[in-house]
């Protein structure tokens, strides 16, 4: 285990760039199903597979559609029901999302049926830095949850917001699940984008239907936001906010991190809009009697949000009530941010250690202190960062802490003027040669031997030390669990950090 003091001067960088989400209809085909006879659909490689199934509007809805696919180990999944729940009047099943590695999907029905199946493949071309912002608050004095904005899941700007949205005065929070199958290595921003495309292009809506969405890792994504009425409650959307948990929870339970995020989000929304999550009252638009925090099935003919999530909603209400009784406390901003020049033209940032933070979010504005953009997200245990991409001229910086899914205020502002002689082209950064799936890790673009290397988890804890001067390591079976990690390398008197998703 490396000594804690090492982290006080460790300078991490993330693979920052613009995430280009390109989606194309890889296939659109007629699938003629005989009763209990399957058909195979071949799909191209991608970061995420999204499938829609439609049938003629003048035909009766199928009673059952099932699918299965080959997992990474080549074994087939059992037959899984393709959810036929759909908020729209369109003759279509729910959106089906599958991991990007899937190449063949087998589909069958219990009766003879003709389907139009569309496969939309999403490709992640570069890694991205999520842009967090605090959920807008007008009345609640408590810290607002951190949400990932629309630009992070739709960076190409082709997911326009409704010009004249219908406003909403929410009295009920409605919990959904997306009903799609997700693997741990799926980029959740792709899933949100796929839901947007399904809602707009298949259901014919003007925007994504949900107000907010929660990923299995606890990240909250902004959909329509909290000021606009959604499209999620069988046409009776007034007085409601729709929160969608990404995943299928008919048979599997949601992740603890996602349930914690649902509690935190529900706590803030109940505070902001004066919603009593335990109160039972009439919901006039639907004609149903609802609880302040309800499941989709409480007002509509659907299984959503799945039994394994629905059965936990009472616990969520209890936990929200406990947080309300305990009161809230403001989250202090990070302090004493400084920016100093390095001999190589980079900018060294330092600040006081921030106890309890899961992440430190760093923003930079070039030339003027009014155009801040996200620069990096690093472990909350760190108190330094080196900006190696600072252009010539004035560079302004500010930071904030992410604590239990909530954002602190901003630190003081720090500025450094970089001269044109100091500023150089961005360095070629080390990267994974491939995402390791068979136990081998290889790093490219290192110009000097490895002096020290180790793997840390998302919380900054060292889980495995790597030995050897060559940036290539073989992991033994069971040595590292499946998940997301950082490879931290000291080489050529510099620290480098490379993100990794390990899938043994």
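Give region 457-484 a look and list any residue that's in a strand (DSSP E or B) and modelled with pLDDT of 80 or more, or say none. Spell out how you get there, then give the answer.
Here is the first cut: in region 457-484, the ones in a strand (DSSP E or B) are 462-466, 472-474, 483-484.
Once the filter is applied, which keeps residues that are in a strand (DSSP E or B) and modelled with pLDDT of 80 or more, region 457-484 yields 463, 464, 465, 466, 472, 473, 474.
Considering only region 351-361, state which residues are surrounded by fewer than 16 Cβ atoms within 10 Å (Cβ to Cβ) and touching a strand residue (DSSP E or B) at 6+ places or on another chain (Cβ under 9 Å).
Going residue by residue through region 351-361, those that are surrounded by fewer than 16 Cβ atoms within 10 Å (Cβ to Cβ) are 352-353, 355-356.
The answer is 356, and nothing else.
Pick from 337, 375, 407, 382: which is touching a helix residue (DSSP H, G or I) at 6+ places or on another chain (Cβ under 7 Å) and within 21 Å of residue 131 (Cβ to Cβ)? Explain how you work it out, then say what you get.
Details: 337 fails: touching a helix residue (DSSP H, G or I) at 6+ places or on another chain (Cβ under 7 Å); 375 fails: touching a helix residue (DSSP H, G or I) at 6+ places or on another chain (Cβ under 7 Å); 407 fails: touching a helix residue (DSSP H, G or I) at 6+ places or on another chain (Cβ under 7 Å).
So the residue among 337, 375, 407, 382 that is touching a helix residue (DSSP H, G or I) at 6+ places or on another chain (Cβ under 7 Å) and within 21 Å of residue 131 (Cβ to Cβ) is 382.
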Exercise. State yes or no: is residue 300 in contact with a helix residue (DSSP H, G or I) (Cβ under 8 Å, 6 or more places away or on another chain) and either in contact (Cβ under 8 Å) with a residue 60 or more places away in the chain or outside the structural domain of residue 409 (by TED's automatic domain parsing) (or both)?
Key: no
Self-check item: Residue count, region 280-297 (criterion: surrounded by fewer than 20 Cβ atoms within 10 Å (Cβ to Cβ) and in contact with a helix residue (DSSP H, G or I) (Cβ under 6 Å, 6 or more places away or on another chain))
Solution: 0
Quiz item: Would you call residue 173 buried (at least 22 other Cβ atoms within 10 Å of the Cβ), free of Cβ contacts under 8 Å to residues at least 40 places away in the same chain and not assigned by TED's automatic domain parsing to the domain that holds residue 118?
Solution: no
Exercise. Taking residue 364 as meeting all but one of (1) part of a loop (DSSP other than H, G, I, E, B); (2) surrounded by 14 or more Cβ atoms within 10 Å (Cβ to Cβ); (3) under 24 Å from the mean Cα position of the chain (by Cα), write down the number of the exception.
Key: (1)
Quiz item: Taking the stated definitions as given, is residue 245 under 18 Å from the mean Cα position of the chain (by Cα) and surrounded by fewer than 22 Cβ atoms within 10 Å (Cβ to Cβ)?
Solution: no
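Return yes or no: is residue 203 closer than 26 Å to residue 87 by Cα and not assigned by TED's automatic domain parsing to the domain that holds residue 84?
Details: closer than 26 Å to residue 87 by Cα: yes; not assigned by TED's automatic domain parsing to the domain that holds residue 84: yes.
Here the answer is yes, as residue 203 does meet what is asked.
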Self-check item: Segments classed as helices (runs of 4 or more DSSP H), wholly inside region 236-335, with at least 1 members that are at pLDDT below 95
Solution: 256-272, 313-326
Self-check item: Segments classed as strands (runs of 3 or more DSSP E), wholly inside region 1-95, with at least 3 members that are at pLDDT 75 or above and crowded, with 17+ Cβ neighbours inside 10 Å
Solution: 48-54, 65-69
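Being buried (at least 18 other Cβ atoms within 10 Å of the Cβ), in a loop (DSSP other than H, G, I, E, B) and assigned by TED's automatic domain parsing to the domain that holds residue 335 narrows it down to one residue among 390, 376; which is it?
Values: 376 fails: in a loop (DSSP other than H, G, I, E, B).
Among 390, 376, only 390 is buried (at least 18 other Cβ atoms within 10 Å of the Cβ), in a loop (DSSP other than H, G, I, E, B) and assigned by TED's automatic domain parsing to the domain that holds residue 335.
The values are calculated or read from the model by the stated rules, or taken from the named source; none is laboratory data. Since this is a predicted model, take the numbers as computed values, not measurements. Here Cβ is always computed from backbone atoms with ideal geometry, including for glycine, and neighbour counts include all displayed protein chains.
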